[in-house]
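Take a look at the structure set out below.
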Amino acid sequence: MFGSIFYNLWGALIAFSCYFFITLQQPYTPLRIIIGSFIAAIIVFFVMYIVRLLIAYVLFTPNADQLLADGELEDNNASHLDEGSNEAAPTSSTVEFQDENTEDIAQVVRTMLNREDEQQVNA
């Protein structure tokens with residue numbers, strides 16, 4: 001949910017103040033004005049939960065890195081071939097590169113560059 005309960009409290013305070021000052025000029029009794037102000041504050045307090053939920057829903061974006069990684073894994077499973085053989089090479093994510101040495105990483109980069117060059121030549 002977006003924000004914190006302080007948004008609810010601020011909304012309730014603003015609703016209380018607005019209702020209080022608007023009805024203060026009306027010919028109502030002071031008790032009716034205060035009770036009405038508290039009722040308006042309580043209603044706005046609970047409505048702010050819905051507003052915060054809607055804001056969180058609108059601002060929610062899926063993790064782009066995760067979606068990109070999922071798409072790349074599917075592409076790699078379908079078309080990733082080892083440099084000199086026809087066997088499919090195992091795929092690995094960038095998280096797994098932390099444990100590997102730099103020579104292995106360089107070999108993967110070379111393989112990817114060679115594959116791109118081959119695709120450009122074939123096109």
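Which residue, of S92, S79, is at pLDDT below 75 and surrounded by 13 or more Cβ atoms within 10 Å (Cβ to Cβ)? Can you show your working first?
On the way: S79 fails: surrounded by 13 or more Cβ atoms within 10 Å (Cβ to Cβ).
It is S92.
Hey, among the residues in the range 27-66 that are of a type outside the set (F, W, Y) and not in a helix (DSSP H, G or I), which one's most open to solvent (accessible area, probe 1.4 Å)? Full working, then the answer.
Going through the range 27-66, the residues of a type outside the set (F, W, Y) turn out to be 27, 29-37, 39-44, 47-48, 50-56, 58-59, 61-66.
With the extra rule that they be not in a helix (DSSP H, G or I), the set shrinks to 27, 29, 61-63.
Working: P27: 125, T29: 84, T61: 102, P62: 74, N63: 87 Å².
Taking the candidates together, the pick is P27.
Go through the range 1-26 and report how many residues are among the small types (G, A, S) and either part of a helix (DSSP H, G or I) or under 14 Å from I43 (Cβ atoms) (or both). It would help to see each step written out before you state the result.
At the first step, the residues of the range 1-26 found to be among the small types (G, A, S) are 3-4, 11-12, 15, 17.
From the residues that got through so far, the ones that are either part of a helix (DSSP H, G or I) or under 14 Å from I43 (Cβ atoms) (or both) too are 11-12, 15, 17.
Going through the range 1-26 one residue at a time, the tally reaches 4.
The values are calculated or read from the model by the stated rules, or taken from the named source; none is laboratory data. Here the structure is a predicted model, which means the values were calculated and not measured. FYI the Cβ positions are ideal-geometry reconstructions off the backbone, even for glycines, and counts take in every protein chain you see. Side chains included, ligands, DNA and RNA excluded: accessible areas come from the protein's heavy atoms. Shrake-Rupley method; radii C 1.70, N 1.55, O 1.52, S 1.80 Å.
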